[in-house]
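A quick write-up on the structure given underneath.
Every number here is computed from the coordinates shown, using simple stated rules; none is lab data. Here the structure is a predicted model, which is why all the values come from computation and not from measurement. Please note: Cβ atoms are built from the backbone with ideal geometry, for glycine as well, and neighbour counts cover all protein chains shown.
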Amino acid sequence: MPSLTRREFAATSLAFTAKSYAQILGANDRIHIGAIGCGGQATDHFRDLVKMREPDNIDILAVCDVYDKRAEQGAQLTGGKIVKDYRHLLDAKDIDYVLIATPEHWHCRMTLDAADARKHIYCEKPMTRTVDESKKVVDKVRSTGVKMQVGVQGMSDDSYETAHRYVKEGALGKVVLAQIDYSRNYTGDFWAYPIDPDARPGENLDWKAWLGPAPKRPYDPERYFRWRRYWDYSGGIASDLFVHRATRIIKSLGLTFPAYGAGTGGKFEFTESLAEIPDTLNILLDYSGGPTVQLISSMANARPVDHLLRGHKATLEFTRTGFTIRPEREFAGEAKEVTHEKTGAEALDLHHRNLINAIRKNEPLKCDVMLGYYGVVACAMGNESYRQRKYMKWDAGKERIVPA
């Protein structure tokens, strides 16, 4: 697939305006949603979507999950009909868009199927588990013209697009380094989510369907309920946490694909954990011409690190209320101090509303497939480096990560 910038992607998408016209709903048309996945993250979505039902003129018509108990809970919360097989949900003519809130290893296949069914899509982050899968999703969204929102809901906070404006205007000078973190602290073990004793594969849980494209293996409740800890289904810290942070930096600086990357870390504290993924992971990414992006995380120490864009003339610091820009001492007479109070928020309802407005009014998406793709590559490069213990680079011609 040829390399595609976001600007080129936007231009290409316009070619599908006429083709997709029949899919664009008027402001008075009720939008019907189908949900694939009814676990913990999906439940957070459901709570917000139920509140949006009347003010935003939407409704959840169907829910789907391989575990009957979760599907029943989802149906009770939303009022949606239970559909056992997600493909039957996609067959429903009255579904306008689907929420994909499943483990990462299913994101690509479900997204491709949804686009083929001409359903608009809200897919939880990361957009896909692998780089190759992201390329397929970009191609499919381009060819079908559906709207796809990637669930990095922090993009519904205006701080990052506003920061990008200041960066383009030269307020920071040349940005040479960006740093950001996402850490937590656990005791005993990390990401050891509760295992529900009610789950009985073959009775109320379809384990084969859950595995889907992943390697086949006997039922393992550890893997089902704690899938984020296993490489077959997740990229661990990088894809679950860093994707939020890396996307903020990518958006703020207008970055695309990293040129080089290195990932370091290990299972340093929770050495007896069954988790395959590390409890501590740090990634360095070099983008062509700069900057270096530093991603910092541990599940054994929650001390935060300042979220900074370090420019030659000034430093931008992201805060809970927006961001500040403070001149470097050497440029105190030239660079200006700025305080930005954010609008929007890192909120599921705002992110869904943006997709709804994109469907109804062609409003630009806050996290489209190209931004989703850039985030996948950034995180995957760190993981590939960590797992292979090699310095990695981006092969722009073939759009793949290879050893440097």
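List of remarks:
- Dipole of region 310-362, positive direction: furthest Cα of Phe331, Thr315, Ala358, with charges on the beta-carbon: Ala358
- Sorting Ser159, Ser273 from the fewest to the most surrounding beta carbons within 10 angstrom yields Ser273, Ser159.
- Of all lysines in the structure, those lying under 25 Å Cα to Cα from Lys135, and not within fewer than 8 positions of it along the same chain, are Lys19, Lys119, Lys125, Lys147, Lys216, Lys251, Lys366, Lys390, Lys393, Lys398.
- The dipole here belongs to the chain: it is taken about the Cα centre, uses +1 on the Cβ of Lys and Arg and -1 on the Cβ of Asp and Glu, and is about 860 debye.
- Computed packing ranks the peptides 184-197, 308-321 as 308-321, 184-197, most packed first, by mean other Cβ atoms within 10 Å.
- Glu269, Glu161 arranged by Cβ crowding within 10 Å, fewest neighbours leading: Glu161, Glu269
- Exposure proxy shown here: for Ile33, Ile82, Ile58, the number of other Cβ atoms within 10 Å sets the order, fewest to most, as Ile82, Ile58, Ile33.
- Directionally averaged projected area (convex hull, Cα atoms, the chain), nm²: 20.0
- Taking Cβ atoms as reference points and 12 Å as the exclusive limit, the residues near Ile249 contribute a net charge of +3, counting Lys and Arg as +1 and Asp and Glu as -1.
- Sorted peptide list for 112-122, 208-218, criterion being average Cβ within 10 angstrom, highest first: 112-122, 208-218
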